[in-house]
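Following: one structure in structure tokens, then a few remarks.
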Amino acid sequence: MFKYNTIYMFKGTTILKLLVLTLVIAITFTAISTFGQVNANDLEVSCKNTECVFTSDSNLFNETNIYPTWSNTKSIKINNDHQSNRVYAVSISENSFLDSDPSLLEILDIKITNEDGKKIFDKNLSEFKKQNFVLLSPIKPEKSETFYFTVTMKNVGNEYQGLKASFNMNVYFIPYKESKDV
């Protein structure tokens, strides 16, 4: 399920308009001995002006049969179909966050890389939630970039069986100008 929100950030007297795309992520640790089929729903987002369109209404992750050492990678291709440079970022929506006790997100690691394999983020999902946002990359006009999200469950015991966690992940874009001073 995707939600569209508009957020305004104030920086001095300039108002930056951010478009927030919300991706629902649901993960359940059901049984250690169950090796279920994983559906890899890679997503594509095309952004113009203030509107972004997804190629699918699927969740990025909707896993029901994970187990210790389980790992899966999904990708989000972001197309900047606008005439200006934009920086893209992701965050976890605080008002959609649901975790278990003990915390399933403490034992699930997320690694975000770009298409060149450069590591952007590599911590557990609980740490990802604590970040205000994670900058992905600037994308030039009429260009695209693919980002890979790998979620891995640590090698843990049975105390996590039957637990559930879910949250919405926001995808932001912000217009920017390239600096000539490097």
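Worth a mention:
- Long-range amide H partners of S137 with built H, under 5 Å: Y88
- Amide hydrogen proximity for H82: with H placed 1.01 Å from N in the peptide plane, the residues at 5 or more positions away or on another chain lying under 5 Å are E142.
- Chymotrypsin sites (Phe, Trp or Tyr not before Pro) within the range 55-109, DSSP loop, no more than 16 other Cβ atoms inside 10 Å: F97
- Under 5 Å, built H, 5+ apart or other chain: amide partners of W70: M153
- For peptides 117-125, 104-112, sequence by mean Cβ density within 10 Å, most packed first: 104-112, 117-125
No value in this document is a laboratory result; all are computed from the given coordinates. Since this is a predicted model, take the numbers as computed values, not measurements. Methodologically, a virtual Cβ is constructed for each residue, glycine included, from the backbone with ideal geometry; neighbour enumeration extends over all protein chains shown.
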